[in-house]
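S.K.: Can you read through this structure? Questions will come right after.
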Amino acid sequence: MGTPYIDRIARRSLDVVFIVSIGVVLGAPSINAETTVGTAPAKPTPLDVSPSVRFLTPTSAEFCWQANIAGPAALAYGPTRKLGSVVQSESVGTYHRVVIDNLQFGQDYWYRFGVRQQGKRLFSEIYQLEGHMNYTPSPIQASESVDGCQSVLAHLRQLGGYAVVVEGVDPSWAESVAAGTSMTVVLSTRNPNTQETLRRRWYAEGKYGTRLTVQQASDLPSTFANLVIVREEDFDAAIARLAPLGQVVKLGGVAQPDGFTWQRLRPDVMIGRRAEQPDLAAWGHQYGSAANASYSGERLGGVDNTADLEVKWIGKPGADFGIDRNPRMPAPLAVGGRLFHQGMNRMIAVDAFNGAVLWSLEIPDLRRVNIPRDSANWCADESNVYAAVKDRLWVIDAATGEMNRTMLLPSEHQDDCEWGYVAVTENLVVGTAVKQGSAYSTFWDKAAWYDGKDDAATAKVCGNSIAAYDKDYGSIQWEHHADAIVHSTITIQGDHVYFVQVDDPSLQDSETGKLVNSKIWHAASVVCLDLHSGKQLWKSKVPPQNHEAIISFGIADDQQFVLQTSGKRQFHFLSLDANGGRTRWDQSVDWPEDHHGAHVQHAVLMNGKLMVQPHILDASDGSIFKSGTLGKRRGCATPIGAGNSVIYRGGTGPLTLWSLENDSTSEFARLRPSCWLSTIPAQGMLFSPEGGGGCSCGGWMETSIGFAPVVEHGDFK
């Protein structure tokens, strides 16, 4: 066991806020600057911060920042760069948190941080907060409290989403749930008179709208509600509204309906969930799982045609949330009934089954692009989102967006490195240390399309070491040092960790971890470590690469590790045996084109086949199963697997399904993904959060959509 490299975040009530409006410009040289007499103090250390902003209500937000200097700190903010208002932090350490509760909804703000050191104020750079990115719902007040409601709210798995209160339940339950959560609460009725009466009453009280509504039961969709509140006699009919991971509150009676696990909160109130939780495929890493198959196991109920998918929800985020579609950003993630998506230095969580926004975070230092030459900066499991931000790994509560803790790099890397690769397994977090400033972040001009074949686009980001951390406590379980580890090749399957390692001591003196091909392939080997101990199991020299290697990916199943590279108008595949590293097979196939992403596709490993348009290889021996298949492509985006189909950009440009059974295509008209990977099948759904904004092609919908199979899918359709 190593030293517990972990920062626990101290929590304070959101109600404890000290807001001071003093009408000063924090951009001035100092605040309450003190003069000193005698010897001049040493030059202060520059202030470096890692900030985040979480919107709490339409008029309030939580500002958190990690500083490199401990001491009394403050946040200054205002509607212009002159700032003007200051809030003092209660902490005198390096982690700070304050809540501003007088923001104007939709207003942009500027903000910066300061700390006192040696009698002087040190300042961070100035950041901008875009007010129109605040998606939080307006709070409402309940007319009266309901006995038992607070106990129910304390047992919910999340406070956002949709709730259905079934007719016959006191309408005060609907008001109380809306007041105590951020859910949209729907009172379901079959009686038009009840509907009209409640609508008029709540409208007169200023409550009716997005937070509280009354709808005819026949108009409500199935399997969408996070919470259903129902009387015992109406249970069977109402349960069709419950989402796969939703919870149900049963009022009255003593019966405990079959198929659910129940907890009695009061004599007349029980809360339950399905006894057998659905087996929902997770897309928790960049290419599905840490094995990088570009396939999560999600088969979409066998669907292979867009006509068999229906819109389950449509909504946020839109095009203004993200970066222009071209710089090949990290993929969305979908785990535990939630969809996570990155934008322009921000992330958002929405409910997988109804699209409701759960939370969002503004993180100025989040951005990472050109993922084909690096690794994603995040992953997720059912409890947390793990995001690499500068020199730390942020562990963010998946349900609320709260910062739970941060993990630190090993001590020898904390001064000059940042967190690079990240993956999560059942008990471990695996990550790399990479030299500061190595990740790609530029997204402007044609070069930032990263479609080229020169060193500026194809240099690989490489780490100095890879380590495994205890997922709960952050202690280092093992660490493996190397001259360079190619991030895009790191692959975890079963008990094995694979990657391309470069053995060249001269790289240790390099100022950056962004290495061109001439620095990598002359001394490259594939290394396999034991996931639990870090022990090297085998090492196999990579054959000489007589091509540009414009991309390099690692892909694995239980039998093999496959290294995919690309150059000289061909994709190249090398398969190494999982147990000994011997060569199983190698194969090369032609590119379809040399532009618009055709030459940088990440292969799909699915159903015993390795697929890269327009070829299908047998994954067991590398033989060409079929060529000239997988449909005509148009535009950027890498293919992904969905069991019976491959999803990609089709012949006229939109998102397309290629049926593996029928060798035919079907399209979603005017639905355009990003230039890399922004559409994922997972959780029994197909998610396409907005990724096409800014495309010069134009005409795209620029919204986020969740599709569900029309065919029956388990017990939840």
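The values are calculated or read from the model by the stated rules, or taken from the named source; none is laboratory data. Given the structure is predicted, the values throughout are model-derived calculations rather than measurements. Every residue, glycine among them, receives a Cβ derived from its backbone with ideal geometry; neighbour counts consider all protein chains shown.
S.K.: Just one of the numbered conditions (1) out of contact with any helix residue (DSSP H, G or I) (no Cβ under 6 Å at 6 or more places or on another chain); (2) more than 27 Å from GLY78 (Cβ to Cβ) is not true of VAL165; which one?
M.R.: Unmet for VAL165, out of (1) out of contact with any helix residue (DSSP H, G or I) (no Cβ under 6 Å at 6 or more places or on another chain); (2) more than 27 Å from GLY78 (Cβ to Cβ): (1).
S.K.: Among (1) over 24 Å from TYR498 (Cα atoms); (2) assigned to a loop (DSSP other than H, G, I, E, B), there is one condition VAL350 misses while meeting the rest; what is its number?
M.R.: Of everything listed in (1) over 24 Å from TYR498 (Cα atoms); (2) assigned to a loop (DSSP other than H, G, I, E, B), VAL350 misses just condition (2).
S.K.: So which residues in the range 542-556 are more than 16 Å from ALA456 (Cα to Cα) and at pLDDT 85 or above, if there are any at all?
M.R.: VAL542, PRO543, PHE553, GLY554, ILE555, ALA556
S.K.: Continuing with this model, one more query. Give ASP416, ASP472 a once-over and let me know the one that is surrounded by fewer than 19 Cβ atoms within 10 Å (Cβ to Cβ), over 13 Å from GLY513 (Cβ atoms) and in the same structural domain as LYS390 (by TED's automatic domain parsing).
M.R.: Answer to the check: ASP472.
S.K.: Please report, ordered by residue number, the strands (runs of 3 or more DSSP E) entirely within the range 99-169 with at least 2 residues that are at pLDDT below 95 and not aliphatic (A, V, I, L, M).
M.R.: Filter on the range 99-169 gives 109-117, 120-123.
S.K.: Inspect the range 549-557 for any residue being of a type in the set (Asp, Glu) and closer than 26 Å to SER666 by Cβ and give the result as yes or no.
M.R.: Looking through the range 549-557, none of the residues is of a type in the set (Asp, Glu) and closer than 26 Å to SER666 by Cβ.
S.K.: While we're on this one: Could you tell me which numbered condition SER533 fails, if it satisfies all but one of (1) more than 30 Å from TYR469 (Cα to Cα); (2) hydroxyl-bearing (Ser, Thr, Tyr); (3) in contact (Cβ under 8 Å) with a residue 40 or more places away in the chain?
M.R.: Failed condition: (1).
S.K.: Separate question: Every residue in the range 616-637 that is surrounded by 20 or more Cβ atoms within 10 Å (Cβ to Cβ) and modelled with pLDDT under 95, please.
M.R.: Result: LEU630, GLY631, ARG633, GLY635, CYS636, ALA637.
S.K.: Then there is this: Under the condition of being small (Gly, Ala, Ser) and either free of Cβ contacts under 8 Å to residues at least 12 places away in the same chain or touching a helix residue (DSSP H, G or I) at 6+ places or on another chain (Cβ under 9 Å) (or both), which residue from the range 319-364 is surrounded by the most Cβ atoms within 10 Å (Cβ to Cβ)?
M.R.: Filtering the range 319-364 down to residues small (Gly, Ala, Ser) leaves 319, 322, 331, 334, 336-337, 343, 349, 352, 355-356, 360.
Restricting the remaining residues to those that are either free of Cβ contacts under 8 Å to residues at least 12 places away in the same chain or touching a helix residue (DSSP H, G or I) at 6+ places or on another chain (Cβ under 9 Å) (or both) gives 331, 343, 360.
Values: ALA331: 28, GLY343: 24, SER360: 24.
The selected residue is ALA331.
S.K.: Any idea how many residues of the range 235-261 are closer than 21 Å to SER188 by Cα, assigned to a strand (DSSP E or B) and not hydrophobic (A, V, I, L, M, F, W, C)?
M.R.: 4
S.K.: All but one of (1) over 24 Å from GLY401 (Cα atoms); (2) without any contact (Cβ under 8 Å) to a residue 40 or more places away in the chain; (3) not assigned by TED's automatic domain parsing to the domain that holds THR223 hold for SER143; state the number of the condition that does not hold.
M.R.: The single condition SER143 does not satisfy is (2).
S.K.: Confirm whether GLU690 is closer than 23 Å to ARG338 by Cβ, of a type in the set (D, E, K, R) and at pLDDT 90 or above.
M.R.: For GLU690, the condition - closer than 23 Å to ARG338 by Cβ, of a type in the set (D, E, K, R) and at pLDDT 90 or above - is met.
S.K.: If you don't mind, there's one more thing I want to ask. Any idea which of GLY315, GLY259 is closer than 29 Å to ILE371 by Cα and surrounded by fewer than 19 Cβ atoms within 10 Å (Cβ to Cβ)?
M.R.: That would be GLY315, the only listed residue that is closer than 29 Å to ILE371 by Cα and surrounded by fewer than 19 Cβ atoms within 10 Å (Cβ to Cβ).
S.K.: Residues that are closer than 23 Å to ALA349 by Cβ, outside any loop (DSSP other than H, G, I, E, B), small (Gly, Ala, Ser) and touching a residue at least 40 places away in the same chain (Cβ under 8 Å): does the range 262-285 have at least one?
M.R.: Within the range 262-285 (the criterion being closer than 23 Å to ALA349 by Cβ, outside any loop (DSSP other than H, G, I, E, B), small (Gly, Ala, Ser) and touching a residue at least 40 places away in the same chain (Cβ under 8 Å)), the answer is no, since none of the residues qualifies.
S.K.: Another question about this same structure. Out of GLY643, GLY698, GLY653, report the one residue that is part of a loop (DSSP other than H, G, I, E, B), at pLDDT 95 or above and out of contact with any Ser or Thr (no Cβ under 6 Å at 6 or more places or on another chain).
M.R.: Going through GLY643, GLY698, GLY653 in turn, just one is part of a loop (DSSP other than H, G, I, E, B), at pLDDT 95 or above and out of contact with any Ser or Thr (no Cβ under 6 Å at 6 or more places or on another chain): GLY643.
S.K.: Is it fair to say ILE520 is farther than 22 Å from THR583 by Cβ, among the hydrophobic types (A, V, I, L, M, F, W, C) and surrounded by 17 or more Cβ atoms within 10 Å (Cβ to Cβ)? Even if it seems obvious, please write down each step before you answer.
M.R.: Working: farther than 22 Å from THR583 by Cβ: no; among the hydrophobic types (A, V, I, L, M, F, W, C): yes; surrounded by 17 or more Cβ atoms within 10 Å (Cβ to Cβ): yes.
Taking the combined requirement at face value, the residue does not satisfy it.
S.K.: Among the polar types (S, T, N, Q), buried (at least 17 other Cβ atoms within 10 Å of the Cβ) and either under 30 Å from THR57 (Cα atoms) or assigned by TED's automatic domain parsing to the domain that holds TRP478 (or both), is that true of THR400?
M.R.: So THR400 does not fit the description; no.
S.K.: Okay, next question. Out of the residues in the range 665-695 meeting the condition of being without any contact (Cβ under 8 Å) to a residue 60 or more places away in the chain and assigned to a strand (DSSP E or B), tell me which one is surrounded by the fewest Cβ atoms within 10 Å (Cβ to Cβ).
M.R.: Going through the qualifying residues, I end up with THR665.
S.K.: Let me ask something else about it. I need every pair where a residue in the range 169-185 that is over 16 Å from LEU56 (Cβ atoms) has its Cβ under 6 Å from the Cβ of a residue that is among the acidic types (Asp, Glu) and part of a loop (DSSP other than H, G, I, E, B), sequence separation at least 6 or different chains.
M.R.: Cβ pairs passing all conditions: SER172/GLU144.
S.K.: If you don't mind, there's one more thing I want to ask. Please find, among GLY114, GLY148, the residue that is surrounded by 21 or more Cβ atoms within 10 Å (Cβ to Cβ), touching a residue at least 40 places away in the same chain (Cβ under 8 Å) and not hydrophobic (A, V, I, L, M, F, W, C).
M.R.: Every option except GLY114 fails the conditions.
S.K.: Here's another thing I want to ask about it. How about the range 380-397: which of its residues are surrounded by 21 or more Cβ atoms within 10 Å (Cβ to Cβ) and assigned to a loop (DSSP other than H, G, I, E, B)?
M.R.: ASP391
S.K.: Within the range 651-662, work out how many residues are buried (at least 22 other Cβ atoms within 10 Å of the Cβ) and either within 26 Å of the chain's Cα centre (by Cα) or under 13 Å from LEU605 (Cα atoms) (or both).
M.R.: Result for the range 651-662: 4.
S.K.: Hey, another quick one. In the range 175-207, what residues are farther than 14 Å from LEU227 by Cα, of a type in the set (Ser, Thr, Tyr) and out of contact with any strand residue (DSSP E or B) (no Cβ under 8 Å at 6 or more places or on another chain)?
M.R.: Those that are farther than 14 Å from LEU227 by Cα, of a type in the set (Ser, Thr, Tyr) and out of contact with any strand residue (DSSP E or B) (no Cβ under 8 Å at 6 or more places or on another chain): THR197, TYR203.
S.K.: So the check is Cβ under 6 Å with 6+ separation or different chains; which pairs have a first residue in the range 602-625 that's charged (D, E, K, R) and a second one that's assigned to a strand (DSSP E or B)?
M.R.: Note: pairs meeting the criteria are LYS609/ILE616; ASP618/PHE625; ASP621/TRP585.
S.K.: Going by what's in this entry, would ASP483 be described as without any contact (Cβ under 8 Å) to a residue 24 or more places away in the chain and either closer than 17 Å to LEU563 by Cβ or assigned by TED's automatic domain parsing to the domain that holds GLN570 (or both)? Explain how you work it out, then say what you get.
M.R.: Working: without any contact (Cβ under 8 Å) to a residue 24 or more places away in the chain: no; either closer than 17 Å to LEU563 by Cβ or assigned by TED's automatic domain parsing to the domain that holds GLN570 (or both): yes.
Considered against the rule, which asks whether it is without any contact (Cβ under 8 Å) to a residue 24 or more places away in the chain and either closer than 17 Å to LEU563 by Cβ or assigned by TED's automatic domain parsing to the domain that holds GLN570 (or both), ASP483 comes out as no.
S.K.: Provide a single number: the residues in the range 526-563 that are within 21 Å of ARG373 (Cβ to Cβ) and not in a loop (DSSP other than H, G, I, E, B).
M.R.: Counting residues in the range 526-563 that are within 21 Å of ARG373 (Cβ to Cβ) and not in a loop (DSSP other than H, G, I, E, B) gives 11.
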